[in-house]
Amino acid sequence: MKGFRNRRVPGESVGEAAKAVAKRQAEQLTLVRHRAQPAAVYITRMTLTAVFAYLVALQLPGGSVRSVLAPLTALLVVQATLFHTIRSAVQRVIGVTTGVLAAVAVSAYVPFSWWVLGLLIAGALALGLILRLREDALEVPISAMLIFAVDSHAAATSRITETLIGAAAGLAAGLLFAPLRVQPAKDAIGDLTRQMGDLLGQMADGLADEPDSRRAAEWLERTRALRGEIERVDDALAQAEESVRLNPRRLRNANPAAGLRDGVDTLERAATDLRVLARAVSDGTRLDSEDSPVKDPETRARLAAVIAELAAGVRAYGQLIEADPEPLDAEDAQAEPLEVGLMDHLEEAQRQQDRLADVLAVDPAERPDGWPLRGEILAHVDRLRSELEPSHLTPPDQARRPPRLLPLRTLPLRTALRSRASR
C-alpha cells in the first residue's frame, strides 16, 4: 500500500508522551514568531517618524526647539497596519481639535477655577464619547485642560498645528513602511497543515498493529489541541486582512490575502472531521468485541492506507495555500503542479476509501457491535477527503490571486453504504 509498507512505531512511554506535549507547546510559539515585527525594524521606523515630525514642526513660525508634541503625536498615531494608522490619525486630530475649541470657548467667558475645570473635564469626556473616539477619547479632556490652564490662543493654535504635523508624519510612515502581513498568515497556515499531516501520518503508522486505548486517546487529545492552533491562525489571518486594507502595496497585484479565508475555513472543518475520526478509532480500541473495526487486521490496513494518503493531501493543501500562483493562460488546460499533486493524493485516497468501504459494509444484523463505528469511520474519512478538494475554475480576472479553495461534497455516505450493503 502506498505510503504504508514497512512502517512500525513502537509503544510510546510516558516520557515520550511528555516530549510530544512539549513539542506541541513549542509549535504553538511559531505563530508568535510570525506575528512579531523585528525589534530593529520597529525601533528604526518609529524613531525616523518621530524625528521627521519634529523637524517639520521646527520649521513653523514660532516653533520651539523643545516642543515635542508633533513627534509625540506621530508615535501615538503609527499603528501596526495602515488602516488602523489612518483611523488613529483622524480620531486623534478630531479629539485634540475638539478639546482645544472647548477650552477656548470656556476660557473666553469663565475664569479658571477648580469647579470650572471639573465641568470642562466632564463635558470634554462626554464629547469624546459622543464622537466615538474610542481609545482616543481622552485626547479631548487632555487638550482642553492644557489650553484652559495657559489661556493662550497661540498655545491653542500650536497644539492643533503640531497635532496635524504629527498625524501627517504618522500617515506618511504608514504609507511608506506599513508591512503586508500576508506571508506570516500563510506560514501559520502551513504550520497548521503540517501538524495535521503529521498527526494523520502517526495515526496511519500506529494502525500497523492494533493500537491500545492509551495511544488512541493521545491521538484524540492532539486533535482537540488543534482548536487552539486554528484560533491562532485565524488571528494571524485577521491581521493579514487588516494589513491589506488601504495599503498601496496591494496595487501591484490583486488582493494577496484573497483565498486564505476559504482555506482556513476548510482546515477548520477538516480538523473537526479529524477529531471525530480519532474519536471513532479511540472508541474502537475500547470496544470489547471482535466486531471492532480497529481489531481486524485487514480493516486497519485499509484504513491506514486511506489516512496515509489524507496526511499527504493535507500537507499538499497547505503548500497550495502558501504558494504564490502564477498567471494562468486561458488556453492552457494543464493544472498547476501543486494542485495536480493534491488531486493525485485525493484520488488515491478515494481508491483506498472504496477498498475500505468493502470491508466496512457488513450486515449489521450479523455484526451489530461495531456497526456504528464502521459508519462513523467511513463517513469522516469521506468528509475529510472531500473537504480538501480544490476548485478547478479560476476566473480570468482573479488569475493572480491565490487559489480559492472550496470544499466539494461527494455522494452522501448513507447512500453509498446502502448500495454496498445491498450487494
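The values are calculated or read from the model by the stated rules, or taken from the named source; none is laboratory data. All values derive from a computational prediction rather than experimental measurement. All Cβ positions, even for glycine, are placed from backbone atoms using ideal geometry, and neighbour counts span all protein chains on display.
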**OP:** Those residues that are charged (D, E, K, R), modelled with pLDDT under 90 and farther than 24 Å from Thr285 by Cα, I need them from the stretch 173-226; list them, please.
**Re:** Arg181, Lys186, Asp187
Original post:
In this structure, is Ala102 in a helix (DSSP H, G or I) and in contact (Cβ under 8 Å) with a residue 24 or more places away in the chain?
Top reply: yes
Original post:
Given the residues Asp235, Asp262, Asp273, which is the only one that is in the same structural domain as Glu387 (by TED's automatic domain parsing), at pLDDT 75 or above, assigned to a helix (DSSP H, G or I) and under 21 Å from His84 (Cα atoms)?
Top reply: Asp235
Subject >> Hits in the stretch 124-176 (condition: without any contact (Cβ under 8 Å) to a residue 40 or more places away in the chain, crowded, with 17+ Cβ neighbours inside 10 Å and not aliphatic (A, V, I, L, M)) >> reply: Gly128
**OP:** Please verify whether the stretch 185-203 includes one or more residues that are in the same structural domain as Leu75 (by TED's automatic domain parsing), more than 17 Å from Arg87 (Cα to Cα), in contact (Cβ under 8 Å) with a residue 40 or more places away in the chain and crowded, with 22+ Cβ neighbours inside 10 Å.
**Re:** no
**OP:** Specify which of the listed residues (Leu176, Leu120, Leu171, Leu125) is within 20 Å of Val56 (Cβ to Cβ) and touching a helix residue (DSSP H, G or I) at 6+ places or on another chain (Cβ under 6 Å).
**Re:** Leu171
Subject >> Residue satisfying condition, being on the phi < 0 side of the Ramachandran plot and modelled with pLDDT of 70 or more, within set Ala36, Ala26, Ala70 >> reply: Ala70
Original post:
So which residues in the stretch 125-175 are among the polar types (S, T, N, Q) and in a helix (DSSP H, G or I)?
Top reply: Ser143, Thr157, Ser158, Thr161, Thr163
